[in-house]
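Here, each number is a calculation from the coordinates, and none is a lab measurement. This one's a predicted model, so the numbers in the text were calculated from it and none came from an experiment. FYI the Cβ positions are ideal-geometry reconstructions off the backbone, even for glycines, and counts take in every protein chain you see.
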């Protein structure tokens, strides 16, 4: 077996090539630092399960959406679940502890999305503009230089319409000013911890609607043209009672 064949087999092992549907990649970038211990992490786990169940119940979304989970609750980000088709996604139990390397985690998430889009293109699979949900109950513990690098790259991606960013603060201590830097087009939401399952239900409904639309292409540019042409549904507003920073 030559290197090309080995490379192709590796790529095929990472994506279901029997599924010809376009893909919408979504990274759940979740705070699992020590301040999330107790009820907050329990609510977060419940929310992820609700998110998975809703998408798996939708026949098209279960084939078109792919989800990865990256947590930050230690010295560096941790990929809890690599990208997988929603039909095969199994939520794992998250545990709280450690620091909050949020900026490093944003960079890791963008690297994962970039690699996923490269694989789609290698395999001839069209894709939607991916989603990045950033959820935290505090403030980053990264060095300032890492924070600046993360937000420079994130805003550049958003400006070029390479990603949809959803910043979410949980509880009274979330640094909403920090989260406001994550997106120029979408203000951060502040949720009470009991609203976490509701948020994931809202996210799954909108992600399913997007994945059933025509806003996909073989490149970022083609997908963006179709979105601009109105081939992708608009997102519903968040439920009443959720605060906008």
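Out of the DSSP beta bridges found with both residues in the chain, what percent are antiparallel (nearest 5)? Let's see the in-between values first.
On the way: 9 of 32 bridges.
Here the share of antiparallel DSSP bridges comes out near 30 percent.
Could you give the angle, 0 to 90 degrees to the nearest 10, between helix 3-13's Cα long axis and the longest principal axis of the Cα atoms of the chain?
Roughly 60 degrees between the two axes.
Quick one: compute the contact order of the chain, relative version, from alpha carbon pairs under 8 angstrom and 6+ residues apart, as a percent. Could the numbers behind the result be given before it?
Numbers: 479 pairs, mean separation 55.9, N = 245.
Relative contact order of the chain: 23 percent.
Taking the alpha-carbon set of the range 17-120, what are its Rg and Dmax in Å?
Values for the range 17-120 (Cα only, Rg and Dmax): 14.2, 43 Å.
Label-point separation (nm) for residue 92 and residue 145, each offset 7 Å from Cα along Cα-to-Cβ?
3.1
How many nm is it between the label spots at residue 219 and residue 123, if each spot is 7 Å from the Cα in line with the beta carbon?
About 2.1 nm separates the two model spin labels.
Using Cα atoms only, what is the angle between the long axis of helix 196-211 and the major principal axis of the chain, expressed in degrees (0 to 90) to the nearest 10?
20
Per the Cauchy relation, a quarter of the hull surface: what is the mean projected area of the convex hull of the alpha carbons in the range 75-199, in nm²? Let's see the in-between values first.
Values: hull surface 34.2 nm².
That works out to 8.5 nm², a quarter of the Cα hull's surface.
I'd like the distance separating the alpha-carbon centroids of the range 107-170 and the range 189-228, in whole Å.
So the two Cα centres are separated by 14 Å.
How would you order 66-78, 183-195 from highest to lowest mean count of nearby Cβ atoms within 10 Å? Don't skip to the end; give the middle numbers.
Working: 66-78: 20.7, 183-195: 17.2.
Highest-to-lowest ranking by the protection proxy: 66-78, 183-195.
Most mobile of 207, 44, 60 per a Gaussian network model of the chain (Cα springs, under 10 Å)?
Highest fluctuation among the options: 60.
Could you identify which residue out of 95, 216, 162 has the top mean-square fluctuation in a GNM of the chain using Cα springs shorter than 10 Å?
95
In degrees between 0 and 90, to the nearest 10, how far off the longest principal axis of the chain does helix 144-159 point, with axes built from Cα atoms?
It is inclined by approximately 50 degrees.
From the C-alpha gyration tensor of the range 22-234, pull out the three semi-axes of the equivalent ellipsoid (sqrt of 5λ each), sorted largest to smallest, in whole Å. Mind dumping the intermediate values first?
Numbers: eigenvalues 134, 76, 47 Å².
They are 26, 20, 15 Å, listed from largest to smallest.
Computed FRET efficiency, Cβ-Cβ of residue 153 and residue 75, R0 25 Å: what is it to the nearest 0.05? Don't skip to the end; give the middle numbers.
Working: r = 21 Å, r/R0 = 0.83.
In this case the efficiency is close to 0.75.
Put a dot 7 Å past each Cα toward the Cβ at residue 201 and residue 172; how far apart are the dots in nm?
Placing both labels 7 Å beyond Cα along the Cβ direction yields 2.6 nm.
May I ask you to sort 79, 15, 92 by Cβ crowding, counting other Cβ atoms within 10 Å and putting the fewest first? Please list the in-between numbers first.
On the way: 79 15, 15 19, 92 12.
The order, fewest Cβ neighbours first, is 92, 79, 15.
Most mobile of 45, 16, 164 per a Gaussian network model of the chain (Cα springs, under 10 Å)?
Highest fluctuation of the listed residues: 16.
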